[in-house]
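The values are calculated or read from the model by the stated rules, or taken from the named source; none is laboratory data. Computed from a predicted model, the values in this text were never measured in an experiment. Because the Cβ atoms are built from the backbone with ideal geometry, glycine has one as well, and the counts that use them run over all protein chains shown. Side chains are part of the model used for accessible areas, which takes the heavy atoms of the whole protein and leaves out ligands, DNA and RNA. Shrake-Rupley method; radii C 1.70, N 1.55, O 1.52, S 1.80 Å.
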Amino acid sequence: MPDNWSYVAAAYGLTALVLGLYWRHLVRKENELADDQIAERSQKPSRPAHPRPDSTTRGPLQR
Amino acid sequence: MVRALGWLSALALAIGLVMAFGVAPRETSQGNVQRIMYVHPPLAWVAYVAFAVVAAASIVYLVRRRPAADRLAHASAEVGVLFTGLAIATGSIWGKPTWGTWWTWDARLTSVAILFVMYVGYLLLRGTIEDRERAARYCAVLGIVAALDMPLVHFSVYWWRTLHQPPSLMKPGGFSGSPAILWPLLVNLAAFTLLYAYLVAKRARLLRAERGALA
């Protein structure tokens, strides 16, 4: 029987291509999600960790 | 952990490739086209594993309502569809020079095609229902029902007269061929199983992040 190397190459090539493309799709989605999270965090207004109480609620020593 | 699994599966796949082309001998009756058998049965094996995981995770989800079980079922179904599609394609590529046809409606091929279509339907169902909890519930039921096709796929070669040969490994009495063929096949089975575990872990992690971002 002839060796039919082209069929062997097609089977291995197709498997490598499809699995490689799926892996790349996952990596790209992961990177996009990480970028979105970074952008979301940078858009939020920064709040001080210990906000100063307003003047009406301050104690006599704080005024 | 996931990254280590990725490197491990890449290494195993490289060893499997070397064994398929460097260690395994040229088969006497089929010639070198038989080397497709170091990739086609491992792909089919992973498809079995993937859909068994979908069914098990679906049962866990229906009983305990754990989102992690739903994410695992979703990820495993997606990867399983990919591997089933590749198993069908590589089998078809092998069939043309060996059987003289790309496709025939024999019991094994038809039952695998039905399995493939059912899990494509599973993924489409997930995409069409907006309510996440309802989608998870419906898909869990479908994931269990679709898994009932797996014994039919496996035993179809015994129950009906088919062009497809009986299994080489998963049969009573085990593998009867040469160890020079068995070892490359076993290494590739392990390599593709590792790759499956890596892709599912990566996809499940991504689903968790996506759902967290949407919540």
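For chain B, a Kirkwood hydrodynamic radius built from all Cα pairs, placed in the Stokes-Einstein relation at 4 °C and 1.567 mPa s, yields a translational diffusion coefficient of 71 µm²/s. Among B:Tyr61, B:Ala50, B:Leu142, which residue has its Cα furthest toward the positive end of the charge dipole of chain B, with +1 on Lys/Arg Cβ and -1 on Asp/Glu Cβ? Checked the options; the winner is B:Tyr61.
How far is helix B:179-214 tilted, in degrees, relative to the longest principal axis of the Cα atoms in chain B, given as a value from 0 to 90 rounded to the nearest 10? Roughly 20 degrees, rounded to the nearest 10. List the aspartates and glutamates whose Cα sits under 14 Å from the Cα of B:Lys202, skipping any in the same chain fewer than 8 residues away. Qualifying aspartates and glutamates at Cα under 14 Å: A:Glu30, B:Glu78, B:Glu210.
When the accessible area of the protein assembly as shown is split by element with a 1.4 Å probe, what percent falls to carbon and sulfur? Carbon and sulfur atoms account for 65 percent of the accessible area of the protein assembly as shown.
Derived scalar couplings between HN and Hα for segment A:7-20 equal 5, 4, 4, 5, 5, 5, x, 4, 4, 4, 5, 5, 5, x Hz in order, rounded to whole Hz, by the Karplus curve 6.51 cos²θ - 1.76 cosθ + 1.60 (θ = phi - 60°), x for Gly and Pro.
For segment B:128-207, what class follows from the C-alpha gyration tensor (a ≥ b ≥ c being the square roots of its eigenvalues): rounded when a/c is under 1.5, otherwise prolate if a/b is larger than b/c, else oblate? Oblate.
Basic side chains Lys and Arg get +1 at the Cβ, acidic Asp and Glu get -1 at the Cβ, and with that the dipole of segment B:119-163 about its Cα centre reaches some 80 debye. So if we plug the beta-carbon distance of B:Phe21 and B:Ile59 into 1/(1 + (r/R0)^6) with R0 = 30 Å, what FRET efficiency do we get, rounded to 0.05? My answer for the efficiency is 0.15.
For segment B:1-74, the solvent-accessible area with a 1.4 angstrom probe is 49 square angstrom per residue. Highest mean packing comes first when the peptides B:40-46, B:122-128, B:199-205 are listed by Cβ atoms within 10 Å, giving B:40-46, B:199-205, B:122-128.
Placing a label point 7 Å from the Cα of A:Val27 along the Cα-to-Cβ line, the residues of segment B:1-35 whose backbone N sits under 15 Å from it are B:3-11. Residue ranges B:185-198, A:17-30, B:140-153, B:11-24 sort as B:185-198, B:140-153, B:11-24, A:17-30 when ordered by packing (mean number of other C-beta atoms within 10 Å per residue, highest first).
Rounded to the nearest 100 Å², what is the buried accessible area between B and A, both sides summed, probe 1.4 Å? Display every interim value, and only then the final one.
On the way: alone 11540 and 6620 Å², together 15560 Å².
The summed interface area works out to 2600 Å².
Divided by 2.2 N^0.38 Å, where N counts the residues, the Cα radius of gyration of the protein assembly as shown comes to 1.30.
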